[in-house]
Amino acid sequence: MAAYFVVELDVTNAEAMGPYRAAVPATLAQYGGRFLTRGGATELVEGGPEPKRIVILEFADAAAVTRWYNSPEYQKILPGRLDNATGRAFIVDGT
């Protein structure tokens with residue numbers, strides 16, 4: 001069953017995030033992930049607050065998401081996001 005890595009970000013330093021953004025696709029390819037959306041326009045329909053930047057990645061299953069997230073390749077670049085954005089990330093199982 002597919003699983004999704006969902007991130008809601010408030011980027012605090014877009015320029016410094018550049019190397020992280022450039023490096024992520026190669027890590028996804030290694031672990032079978034792909035972008036479904038990468039910061040496209042959002043429209044708030046209910047509740048609040050207004051969403052910032054939304055990224056959704058798709059993997060074969062939750063175990064694949066975890067392998068990618070904990071991989072040495074991703075862990076090496078992750079500080080580029082953590083140091084330059086705030087937000088939350090979570091795994092969602094597909095149906």
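The values are calculated or read from the model by the stated rules, or taken from the named source; none is laboratory data. The structure displayed is predicted, hence computed values, not measured ones. A quick note on method: Cβ atoms are made from the backbone with ideal geometry, for glycine too, and the neighbour counts reach across all protein chains shown. Protein only, heavy atoms only, side chains kept; ligands, DNA and RNA dropped before computing areas. Shrake-Rupley method; radii C 1.70, N 1.55, O 1.52, S 1.80 Å.
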Check your understanding: With respect to L36, is the statement that it is without any contact (Cβ under 8 Å) to a residue 40 or more places away in the chain and assigned to a strand (DSSP E or B) true?
Key -> yes
Review point. Quick one: is G80 open to solvent by less than 60 Å² (accessible area, probe 1.4 Å) and over 22 Å from A3 (Cβ atoms)?
Key: yes
Practice item. Taking the options T42, T95, name whichever one is part of a loop (DSSP other than H, G, I, E, B) and open to solvent by 80 Å² or more (accessible area, probe 1.4 Å). Key: T95
Practice item. Look at A85 and say whether it is open to solvent by 60 Å² or more (accessible area, probe 1.4 Å) and among the aliphatic types (A, V, I, L, M). Key: no
Practice item. Give just the number: which of (1) open to solvent by 60 Å² or more (accessible area, probe 1.4 Å); (2) modelled with pLDDT of 95 or more; (3) under 14 Å from V6 (Cα atoms) does R21 not satisfy? Key: (3)
